[in-house]
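Below: one structure, written as structure tokens.
The values are calculated or read from the model by the stated rules, or taken from the named source; none is laboratory data. This structure is a prediction, so every number in the text was calculated from the model and none was measured. Cβ atoms come from the backbone with ideal geometry, glycine included; neighbour counts cover every protein chain shown. When the accessible area is computed, the model is the full protein with side chains, heavy atoms only, and any ligands, DNA or RNA have been set aside. Shrake-Rupley method; radii C 1.70, N 1.55, O 1.52, S 1.80 Å.
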Amino acid sequence: MKKLILWDIDGTIIVSHGAGVRAMEKALTKRFGVTCDLGRIDWAGRTDSWITGEVFRHVGLPDTPQNSHDYLETYLELLPQELRDGKQGQVLPGVLELLERLHHRQDLAQGLLTGNLRRGAEFKLTHYKVWHYFEFGAFADDSPRRNDLGPHALRRAKERHAVEFDPANTFIIGDTPHDIECGQVIGARTIGVATGRFSVAELAAHAPTAVFANFADTAAFLRVIDAD
């Protein structure tokens, strides 16, 4: 086993049509009795814990550990209902086939590197029936700073597989410049996909290893990770 594939979730594996955003907005009202339009926050590619600090700043709430804990717990209480009752999203083109093919390969492992809290990631990916592909990952629970998450993912990959994965043989996949940057800071290779807010050209400007409009051409994706 030589290679490690680390996936972002929202805009990369799935689109949930704002389930997480709605749950965060409703959690703020339910827990603190105030409102915040998350459209005012540049949250794409950020972690849930970072977004929490920005929400508190916008509404004037103290950013204390207790407030953060209470807010995020309320968010996690509301998220399953938003996934179930809101507009239904989907697993993005080509992703299910890639997850299945990579899952059966003995030369690589795949996990998550996501701005979601771990429980939030599980709720989302269970709803879209792909959680079972991931045995480890790095999450917003680990740090509010996305650039901190790479080492956590590498450590958990080693714990799970008893393999020291070289960052040069690690691929971080995501739909925002933040995904690309967090891979580059640890020396990993990066794959951008324009199924979120950013275009192919906008992602390419951040010099990923490769960039795709989507993953419908699964053979093209596999050529990138198999190119040595």
Which number gives the lysine pairs in the chain that have C-alpha atoms under 20 Å apart and are eight or more places apart or on different chains? 6
Shape category assigned to region 106-191 from the gyration tensor of Cα positions, a/c cut at 1.5: oblate
With a 1.4 Å probe and all protein chains left in place, how much of the accessible area of region 118-184 comes from carbon and sulfur atoms, in whole percent? 49
Shape of region 87-150, Cα gyration tensor, a/c cut at 1.5: oblate
Nitroxide proxy distance, nm - points 7 Å out along Cα→Cβ at Glu159 and Ala205: 3.8
Of all chymotrypsin sites (Phe, Trp or Tyr not before Pro) in region 86-193, the ones in DSSP coil with at most 10 other Cβ atoms within 10 Å are none
In deg cm²/dmol, rounded to 500, what helix-only [θ] at 222 nm does the chain give when every DSSP H run of at least 4 residues adds -39500 (n - 2.57) and the total is split over its residues? -13500 deg cm²/dmol
Span-like helix ranges in the chain, DSSP H, alpha carbon extent 15 angstrom or more, Kyte mean at least -0.5: 19-32, 48-59
Dimensions in Å of region 1-96 - Rg and Dmax from alpha carbons: 15.0, 51
Among 204-215, 62-73, the order from most to least packed when residues are scored by Cβ within 10 Å on average: 204-215, 62-73
Let's see if you can work this out: charge +1 on each Lys and Arg Cβ, -1 on each Asp and Glu Cβ, no other charges. What is the dipole magnitude of the chain about its Cα centre, in debye to the nearest 20? 220
Hey, if we sort Lys2, Lys124, Lys158 by accessible area with the 1.4 Å probe, largest down, what's the order? Lys2, Lys158, Lys124
Listed residues Ala207, Trp50, His132: farthest to the positive end of the dipole of the chain (Cβ charges): His132
Please compute the contact order of the chain in relative form: average sequence separation of alpha-carbon pairs under 8 Å and at least six residues apart, divided by the residue count, as a percent. 25
Sort 141-147, 103-109 by packing, meaning the average of other beta carbons within 10 Å per residue, with the highest value first. 141-147, 103-109
Structure-derived Cα extents along the principal axes in Å: which label, when the choices are (1) 59, 31, 29; (2) 45, 39, 35; (3) 54, 34, 32: (3)
How large is the accessible surface per residue of the chain, computed with a 1.4 Å probe and reported in Å² as a whole number? 44
